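Visitor: This structure is in C-alpha cells; I'll ask about it shortly.
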Amino acid sequence: MTETTERISPSAPVAVTQQLHFEVSQFLYRESALLDADRYEDWLALLTPTVHYRVSARTVRASDQPAEGYPIVDNHAGELRIRVQQISNAKLTYSENPHSITRRFISNVIVERDGDPSELSVTSNTLLFRSHSVDGNQHLYSAIRRDRLLIDGDSFKLAARDVTLDLSVIPSMNVSVLF
C-alpha cells in the first residue's frame, strides 16, 4: 500500500477497477442514446422504482460565496413516468410538439464506491444539444451529473440523479428534455 492510500479514511470513496469503470461508462452512453432516440420507455426501465431525479440551475454569487443552485425539476419515479408520457404524446404537451432534436455528450466519468458494495457513486459531465423548431433556436446545456447506481446483475439501475446546470438563466422557454 502506498503512503497516499494509507492516509485515506475507511469512509472515503474508493476508486473502482478499469473494467467496472468501462461498464458504467457504457451504461451512461447507452442511456444517453436511448434518450436521443426518444426511447423513453426503455429509459424508464433503467430506473429503480424509488428513483429521485433533480435538475438545478446555479445562482449568481459573489466570488467568496459557495456555489448554490435552485431547483428546476424535482421528480420521483411516478412523476418521471408522467413526464415521459407528456413528452411522448403531442396531445399532452405544447413544449415538445413538435419534438426536440437532442444529442447528449457524456464525459469525465468518475466512478467510486461509497461503502455499500451494491451501490456506485458516479460523477460525469454532460453537454446536451437541443434544437427545437417552435422557437427556431438551438440550445446547449452544460452540466455536472451526480448519479447513484445500483448494481443489478450484469447491469445497473439509476437510483438517483442530481443535475446541476452551468447556467444561472435558462436560455429556452422550457426544460422539457431529460438529462
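Visitor: Could you check, for segment 24-36, whether at least one of its residues is open to solvent by less than 60 Å² (accessible area, probe 1.4 Å), modelled with pLDDT under 95, polar (S, T, N, Q) and under 17 Å from the mean Cα position of the chain (by Cα)?
Guide: No, there is no match, as no residue in segment 24-36 is open to solvent by less than 60 Å² (accessible area, probe 1.4 Å), modelled with pLDDT under 95, polar (S, T, N, Q) and under 17 Å from the mean Cα position of the chain (by Cα).
Visitor: Within segment 124-153, track down each residue that is exposed (fewer than 15 other Cβ atoms within 10 Å of the Cβ) and closer than 21 Å to residue 46 by Cα.
Guide: 127, 144, 152, 153
Visitor: Just the residues that are of a type in the set (Lys, Arg) and modelled with pLDDT of 95 or more, please, taken from segment 40-80.
Guide: Passing the criteria: only 54.
Visitor: Now for a separate question. If a residue must be within 22 Å of residue 88 (Cβ to Cβ) and open to solvent by less than 30 Å² (accessible area, probe 1.4 Å), how many such residues does segment 37-69 contain?
Guide: Step one: list which residues in segment 37-69 are within 22 Å of residue 88 (Cβ to Cβ), which gives 37-49, 51-55.
Among the residues that remain, those that are also open to solvent by less than 30 Å² (accessible area, probe 1.4 Å) are: 40, 43-44, 47-48, 51, 53, 55.
Matching residues across segment 37-69 total 8.
The values are calculated or read from the model by the stated rules, or taken from the named source; none is laboratory data. For clarity, every value in this text was computed on a predicted model and none was experimentally measured. Every residue, glycine among them, receives a Cβ derived from its backbone with ideal geometry; neighbour counts consider all protein chains shown. Only protein heavy atoms, including side chains, enter the accessible area calculation; ligands, DNA and RNA are left aside. Shrake-Rupley method; radii C 1.70, N 1.55, O 1.52, S 1.80 Å.
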